[in-house]
Amino acid sequence: MEKILITGGAGFLGANLIHRLLKSKNEIITIIKPNSNEWRISEVKNKIKVYHIDILNERKISNTIKEIKPSLIFHCATYGVNPSQDNFGKIFQTNVFGTNNIFSTIQKINCVKKIINFGSSFEYATQKLPVKETDIISPNTVYGISKATQTNLAQYYAENLGLPIVTARIFTPYGKYDSNGRLFSDLMISAIKGRQIKLGFQDSFRDFIHIDDAIDILLLIAKDMKNKTGIFNIGTGKKSSVKQIMRLCEKKMKIKYHASWGNETNIRKIDRFSEVAIADMQKTQHVFHWKPKITIDEGVKKTYSWYLKNFELYK
């Protein structure tokens, strides 16, 4: 039995990892920022160990990790990915200095076999061709800049200090336990309630990957002891626009949305681009012999079914 530590366990990715890993016989531990809303893991908190610590608290985070002595770490804690998280200082402090607090502590202990650091597609520049891990990064958002710095930090610790850190650059995950204010969650809730939905730029494209597929490849990366460092894209290599996703939901769920669209003055800068980073998945597929299983059509049906059964969580 291994000790698996997940930072940011109250978030979308962290919570889905917790739910999946609870099916294993390992000991699951999570570090969550104080006063976080823990609705995603409320039903399983009695099955895991929870520490309420801000990763910016260097002394507490160091002492706690040394106490836990984990063998595997998923570093999911982040700030700035949701539209409401727009404090520039907090974005950099959490993603860069908080991450450094974790890595510098791990360097001092000799029990961690693998660290999965979570990067982001926002590290890449917008372009028409799928982006490779070796492409020059050119983020155009504060969040993207902070995540690119976090990835560089992970690479420094891996290449110069010998830490077994792999960075997973996740594109746009969707599915169960997603946050309010994100596309799929808003589409599902609007469909169930039958209310009008406010959307951003209809021709904004994303590489959407179902959360179950994302967790599958993350666990494969975690188990692989041959590739202890490096950067891997986590996406599908296919793109869909906001409008296409909405129309697909209408078709699969047999509904008609009453949608109002954003304009240049009231949507995020990143949502104004018609082209965004789409994952080139050749490296990930070649190294781990893996491809996503859930098509976007199946993902819509799967997500809608889950929201119907768990709608109480969003009231």
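Annotations
- Here E58 fulfils each of the conditions (1) of a type outside the set (A, V, I, L, M, F, W, C); (2) closer than 27 Å to I234 by Cα; (3) touching a residue at least 24 places away in the same chain (Cβ under 8 Å) apart from (2).
- Residue ID - nearest to K238 (Cα to Cα), chosen from residues in segment 115-158 that are among the basic types (K, R) and modelled with pLDDT of 95 or more: K132
- Selected residue (criterion: surrounded by the fewest Cβ atoms within 10 Å (Cβ to Cβ)) from residues of segment 199-258 that are of a type in the set (D, E) and within 22 Å of the chain's Cα centre (by Cα): D224
- Near pairs, Cβ below 9 angstrom, 6+ apart or cross-chain, from segment 153-169 (in the same structural domain as M225 (by TED's automatic domain parsing)) to any residue that is part of a strand (DSSP E or B) and of a type in the set (K, R): P164/K114; I165/K114; V166/K114
- Set E43, E38: member being within 17 Å of the chain's Cα centre (by Cα) and over 19 Å from N110 (Cα atoms): E38
- Yes/no for Q244 being outside the structural domain of P83 (by TED's automatic domain parsing), over 19 Å from Y307 (Cα atoms) and among the polar types (S, T, N, Q): yes
- Counting the residues of segment 278-311 that are part of a helix (DSSP H, G or I) and either over 30 Å from E250 (Cβ atoms) or of a type in the set (S, T, N, Q) (or both) gives 9.
- Every condition in (1) part of a loop (DSSP other than H, G, I, E, B); (2) of a type outside the set (A, V, I, L, M); (3) more than 22 Å from S179 (Cβ to Cβ) holds for N37 except the one numbered (3).
The values are calculated or read from the model by the stated rules, or taken from the named source; none is laboratory data. The structure presented is a predicted model; accordingly, all values stated were derived computationally and were not measured. Neighbour counts run over all protein chains shown; Cβ positions are idealised from the backbone, glycine included.
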